[in-house]
Amino acid sequence: MSPKVADIMTRTVVTATVDTPLPALIDEMLTYGISGVPVVDHERRVLGIVTYADLMCKPAFGGTRRGLLGVLADLFRGRERRWVSKSSGLVAGEIMTTDVQTTLPNETVRAAARRMIRFGVKRLPVVENDRLVGIVSRSDVLRRMHRSDDDLQAEIAALFADPARVAETTDIDVSVVEGVVTLRGSVRYPIELPALSAMVWRSPGVVDVHVLATAREQNPEFAEL
């Protein structure tokens with residue numbers, strides 16, 4: 001049975017409201033060692049999220065992606081009072097990201113991982129009946145899958161090298177990045193490609209499968225019956 005988000009999510013979530021001052025948000029992140037805080041209303045509906053990236057490139061720092069180097073440069077040049085004064089008056093509603101990707105408790109960990117990779121996010125608020133019930137991070141997902149890319153690549157390459165499992169006419173290269181398996185190369189017939197994809201999906205730790213391989217010949221007539 002595929003693990004569900006509910007199996008790995010953190011149920012006690014540090015949250016903010018749209019009126020939470022920026023200094024309080026930063027204190028929360030430092031205290032709990034987190035890099036993202038969901039912003040909710042009084043019924044725990046998710047309105048947005050404030051992340052480390054929001055703090056670095058939103059109005060608190062002039063609207064540019066300054067990052068830590070820019071902040072340190074100001075500190076060394078004695079200009080820190082300007083942005084500290086400016087940012088201290090901001091609230092979560094002014095800097096939060098409102099287009100929030102979320103997940104459901106009964107969604108599979110694989111599906112949640114695919115969404116994180118697709119949208120380039122490190123955490124997903126977990127919602128049920130439109131209410132925040134938890135949060136899941138990329139580190140939570142990776143711990144659950146406990147497979148390195150190198151391990152996955154070696155395992156799948158070994159499968160494809162086994163003549164008892166794969167036709168000798170198969171010429172496939174396997175690459176794995178963050179659990180996403182990409183198959184390049186060629187097979188003899190198109191009908192072989194879905195079978196290879198299904199074989200890869202059975203390996204624990206696979207987040208997604210991209211089949212970029214091609215077929216050298218058309219399917220034999222019996223395959224169309």
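The values are calculated or read from the model by the stated rules, or taken from the named source; none is laboratory data. Keep in mind it's a predicted model, so treat the numbers as computed, not measured. Cβ atoms come from the backbone with ideal geometry, glycine included; neighbour counts cover every protein chain shown.
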Candidates 79, 44, filtered to the one that is at pLDDT 95 or above and either of a type in the set (Ser, Thr, Tyr) or over 26 Å from residue 178 (Cα atoms) (or both): 44
Counting only residues that are assigned to a strand (DSSP E or B), small (Gly, Ala, Ser) and within 18 Å of residue 97 (Cβ to Cβ), region 115-153 contains a total of 1
Number of positions in region 211-224 that are surrounded by 13 or more Cβ atoms within 10 Å (Cβ to Cβ) and either under 24 Å from the mean Cα position of the chain (by Cα) or β-branched (Val, Ile, Thr) (or both): 1
Quickly run through region 179-194 and pick out the residues that are surrounded by 15 or more Cβ atoms within 10 Å (Cβ to Cβ) and in a helix (DSSP H, G or I). 192, 193
Quickly run through region 144-164 and pick out the residues that are among the acidic types (Asp, Glu), without any contact (Cβ under 8 Å) to a residue 40 or more places away in the chain and loosely packed, with under 15 Cβ neighbours inside 10 Å. 150, 162
Unique residue being modelled with pLDDT of 90 or more, surrounded by 15 or more Cβ atoms within 10 Å (Cβ to Cβ) and of a type in the set (A, V, I, L, M, F, W, C) when the list is 176, 207: 176
Does region 155-164 include one or more residues that are within 10 Å of the chain's Cα centre (by Cα), within 21 Å of residue 197 (Cβ to Cβ) and assigned to a helix (DSSP H, G or I)? no
